[in-house]
1. How big is segment 227-325 in terms of Cα radius of gyration and Dmax, in angstroms?
2. Radius of gyration and Dmax for the chain's Cα atoms, expressed in Å?
3. Could you line up Arg244, Arg474 from fewest to most neighbouring Cβ atoms inside 10 Å?
4. If amide H atoms are built 1.01 Å from N in the plane of the peptide, which residues on other chains or at least 5 residues away come under 5 Å of the amide H of Leu403?
5. Determine which residues of segment 132-156 fall in the zone a paramagnetic label at Thr199 would reach in this model, i.e. backbone nitrogen under 17 Å from the point 7 Å along Cα→Cβ.
6. Any chance you could tell me what percent of the C-alpha pair distances in segment 135-285 go past 29 Å?
7. R0 = 51 Å: FRET efficiency of Glu381 with Thr150, Cβ-based, nearest 0.05?
8. Regarding segment 254-413, what whole-number volume in Å³ per residue does the convex hull of its Cα atoms give?
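Every read-out reported here was derived from the displayed coordinates using simple, explicitly stated rules and does not represent laboratory data. Bear in mind the structure is a predicted one, so any value in this text is a computation, not a measurement. Cβ coordinates were reconstructed from backbone atoms using ideal geometry, including for glycine residues, and neighbour counts include every protein chain displayed.
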Amino acid sequence: MLLIIIFNFVPCINANSSFFNSQNKTKIKLADYETLKQEWLATQPKMKRYDIPVLSKESIHEILKYFNIETSTYGLNKKPTYNSYANNSLIWYFKNPPAGLICVFFKARQNPFKEQYPQACDKYTLDDFLKYEIAIEEAFVFWDANKQPTQTNVNITFVKQNIYASDNKEKAINEYLIKNKIIKEPKLTKLGCYNATPTTGLVVPLPSINYTTYEKDNEIKNWLLQAQKEYNHKTSSKEIQFPRFWNDKPFTYKIVPKIDFYKTGFRESGSGYRAYSEMIERNTIQGESIQKAPGKYYCTPSIDMHKIRYDTYGVGLVFSEPVSELEPPQQQQIEAIYFDDGIRFFPESSQTYTIKDLLKLSNGAKNIYLFSFTTKKRIKEIKLPDAIDPYQAIRDWKRENNLYTFPPLVQEDDYVERSENRDAGFEITSPAYKKISIPYLIKLVKHTFETTDCCYYLVCKNDTLQLQLAKQYRDAYAEWFKQCYIKAGGSYSAGEIRDKFGRSSRDIYNEEGKECRYYYVTNTFIDDWFVNGSYCSGSNNTFNNFYDTTPPPKKPQELNIN
């Protein structure tokens with residue numbers, strides 16, 4: 001056996017190696033070459049092997065790039081390949097490669113023995129290379145996911161979270177993962193992304209994920225049981241209006257009238273049947289669905305067959321996709337995916353991937369968490385201070401709070417008014433009883449509208465201000481009645497009337513604010529005077545109205561009932 005004697009003053013292999021520097025310089029170590037390699041290797045990290053199934057060979061470049069390894073996927077369409085020591089080109093072929101193997105990238109381990117793993121086409125198997133731990137630090141073994149057995153011991157958890165529209169979804173994802181002890185510290189999280197490795201954030205863009213095919217999604221299965229492509233509707237009516245029909249994707253439809261062939265007069269011959277078919281085709285109606293929301297499409301078919309002069313006995317409805325009168329369940333959009341282990345990259349493609357594809361890319365993950373959100377809007381009930389004009393007060397509030405335009409305004413309903421009649425009237429008991437009515441209206445206005453994150457219920461009324469305004473008007477009106485020159489039901493002599501209104505004609509006013517006339521006529525011997533056309537004479541003149549030289553206070557416009 002070859003022996004190597006190492007003295008502290010004779011660096012035979014590499015004097016700068018930490019392994020050799022750690023030896024006691026005062027001793028002489030006697031060892032064989034293989035033993036030295038094994039002892040050195042024992043001080044190094046174990047070789048890491050990553051088995052990585054991929055759906056597309058293009059993903060290999062992205063995965064290696066993630067580990068700061070630049071390589072090319074050129075030539076991967078041939079036999080499984082590997083790279084030579086400290087070289088990034090995947091050009092060497094394996095001997096007897098296992099089924100499904102695409103390629104292997106070996107990350108070289110620098111060692112003081114200058115050991116390298118071999119390179120030659122069709123000479124070494126994968127197992128042969130994995131024995132060269134001294135020369136290989138990491139082995140990235142890429143497999144065709146479609147040719148590998150699907151990993152079955154993976155739990156897929158749908159995390160459906162109900163949050164407010166104003167809440168932070170990224171924060172909600174981290175809170176769930178931390179609360180359930182899946183991670184210890186928050187990760188950088190972007191919506192529409194997944195994590196490539198368990199140590200990285202959810203930052204890699206996510207392709208479309210179709211999980212409605214998941215076997216446990218009973219809601220989808222129950223809806224599909226209701227759906228069908230054809231409906232036959234028998235009726236003698238010429239005008240038919242159908243209910244809404246729904247599907248989770250766009251569709252087209254035909255309404256085919258059913259015409260009684262034997263009442264058309266067509267002969268039972270080739271030409272007769274052709275004419276009959278052409279008539280049905282001319283009267284067939286075609287249409288397409290309307291999108292209400294993502295994953296919700298509908299149509300409302302109708303037909304008027306009055307122009308068909310022959311007897312009809314119904315129609316047939318034919319759809320391009322199975323439809324149902326029930327709305328399809330709302331599809332939950334997957335907004336983030338977290339894998340608790342393994343490495344994976346989805347191919348950059350517009351293709352839609354399924355749950356089975358997720359399993360193929362689990363790559364050692366034991367748990368996969370799919371995050372979706374149902375957002376609800378906060379409800380804000382706001383009672384505005386009383387305002388003379390509740391409508392204007394609501395509009396002003398929306399404008400002041402920047403909620404008047406789209407967006408953030410999403411939808412608004414009409415203003416709803418509830419009114420109540422009030423009366424601030426009073427009674428006069430002397431000289432005669434008279435009830436004075438002051439009707440006015442109390443308004444309560446409600447307005448509902450939605451923004452991107454809230455539902456607002458605004459209420460504004462005018463009762464306090466209306467009551468205050470009515471009281472002020474009532475007091476002023478009552479004061480006018482007290483100081484009137486002439487009061488309804490009172491008895492006045494002609495002289496008293498002349499003393500009050502004077503010896504010249506003038507305008508006077510009654511309690512309704514109507515302009516009346518006091519006429520004074522000067523004669524040679526005896527003058528005459530009139531109050532609103534009533535001749536004044538003697539000592540007992542009575543009136544049904546109140547009269548004064550000043551008009552009563554004008555009723556505020558806000559108290560008027562239109």
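1. Answer for segment 227-325, Rg first and Dmax second: 15.1, 50 Å.
2. Reported Rg and Dmax, both Å: 47.1, 168.
3. On the way: Arg244 15, Arg474 19.
The fewest-first ordering by Cβ neighbours comes to Arg244, Arg474.
4. none
5. Label zone hits: 137-141.
6. Working: 6283 of 11325 pairs.
Considering segment 135-285, 55 percent of its Cα-Cα pairs are separated by more than 29 Å.
7. Working: r = 53 Å, r/R0 = 1.03.
With R0 = 51 Å, the Cβ-Cβ based efficiency is 0.45.
8. Details: hull volume 45.9 nm³, N = 160.
Residue-normalised Cα hull volume stands at 287 Å³.
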